[in-house]
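Data block below; observations after.
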């Protein structure tokens, strides 16, 4: 039965905006139940629709996330230089399209200036404190980064430290990071 299937778990993705740059970092662990299937997955990607430089990180089903990333690229090509509008259009489609409604993933996206979380509930959220995180270890990483954001560290250092803390606490998160940085 489907409910007996252990399911895919985990990941932690964090976005930190500080000092004129945005960093998105993600761990590399893919788990099936209590088994680590892969430790080197890349859940943070650079997109270049229409020559733009966008970084996106995803948590959830990989196939679903890639579908959403493809849709986001199409929205960005249709609305060049308007990340917020592209994210809102994606969220509208995600919420209203019967096929997309079944997708199970979250996205964090940035163009180096703006930082958003996009969800299947139709949300496009901009973090209040220049830090956001998603995934099973997201709350741990978020708390750690919020504690560090007022200190002297740059965005990348904060993201790396927060991810290390999340990896120490969340069994579905490892310390094998993919880190992408954009500045505006």
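The values are calculated or read from the model by the stated rules, or taken from the named source; none is laboratory data. This is a predicted model, so every value here is computed, not measured. Glycine also receives a Cβ, built like all others from the backbone with ideal geometry; neighbour counts cover every protein chain displayed.
With a requirement of 3 or more residues that are within 15 Å of residue 12 (Cα to Cα) and touching a strand residue (DSSP E or B) at 6+ places or on another chain (Cβ under 6 Å), the helices (runs of 4 or more DSSP H) lying completely within segment 90-184 that satisfy it span 138-148, 155-169.
Cβ-Cβ contacts under 7 Å between residues 6 or more apart (or on different chains), taken from a first residue in segment 77-89 that is at positive phi and in contact (Cβ under 8 Å) with a residue 24 or more places away in the chain to a second residue that is part of a loop (DSSP other than H, G, I, E, B) and surrounded by fewer than 18 Cβ atoms within 10 Å (Cβ to Cβ), are listed as 81/52. Within segment 37-54, residues that are at negative phi and free of Cβ contacts under 8 Å to residues at least 12 places away in the same chain reach partners that are buried (at least 17 other Cβ atoms within 10 Å of the Cβ) and assigned to a loop (DSSP other than H, G, I, E, B) with beta carbons closer than 8 Å, at six or more positions or on different chains, in the pairs 38/28; 38/29. Regarding residue 76, is this residue closer than 23 Å to residue 42 by Cα, part of a loop (DSSP other than H, G, I, E, B) and in contact with a helix residue (DSSP H, G or I) (Cβ under 6 Å, 6 or more places away or on another chain)? It is false that residue 76 is closer than 23 Å to residue 42 by Cα, part of a loop (DSSP other than H, G, I, E, B) and in contact with a helix residue (DSSP H, G or I) (Cβ under 6 Å, 6 or more places away or on another chain). Here segment 11-44 is the region considered, the condition is being in a strand (DSSP E or B) and surrounded by fewer than 20 Cβ atoms within 10 Å (Cβ to Cβ), and the residue that is modelled with the highest pLDDT is 21.
Being loosely packed, with under 13 Cβ neighbours inside 10 Å and at pLDDT 85 or above is the filter here; which residues of segment 49-79 pass it? 70, the sole residue that qualifies. Every test in (1) closer than 22 Å to residue 166 by Cα; (2) buried (at least 20 other Cβ atoms within 10 Å of the Cβ) is passed by residue 91 save one, and that test is (1). Anything in segment 117-158 that is in contact with a helix residue (DSSP H, G or I) (Cβ under 6 Å, 6 or more places away or on another chain) and under 16 Å from residue 26 (Cβ atoms)? List them, or say none. Of everything in segment 117-158, those that are in contact with a helix residue (DSSP H, G or I) (Cβ under 6 Å, 6 or more places away or on another chain) and under 16 Å from residue 26 (Cβ atoms) turn out to be 118, 131, 133, 137, 140, 141, 144, 145, 158.
Taking residues in segment 118-146 that are at positive phi, and partners anywhere that are in a helix (DSSP H, G or I) and surrounded by 18 or more Cβ atoms within 10 Å (Cβ to Cβ), the pairs with Cβ atoms closer than 6 Å and at least 6 places apart or on different chains are 122/91. Screening residue 125 on (1) surrounded by fewer than 22 Cβ atoms within 10 Å (Cβ to Cβ); (2) at pLDDT 90 or above; (3) more than 28 Å from residue 174 (Cβ to Cβ) shows it passes everything except condition (3). Residues in segment 173-184 that are buried (at least 20 other Cβ atoms within 10 Å of the Cβ) and over 23 Å from residue 17 (Cβ atoms): 1 in all.
Looking for something surrounded by fewer than 17 Cβ atoms within 10 Å (Cβ to Cβ) and either at pLDDT below 95 or closer than 20 Å to residue 84 by Cβ (or both) - is there at least one such residue anywhere in segment 151-170? No; the residues of segment 151-170 include none that is surrounded by fewer than 17 Cβ atoms within 10 Å (Cβ to Cβ) and either at pLDDT below 95 or closer than 20 Å to residue 84 by Cβ (or both).
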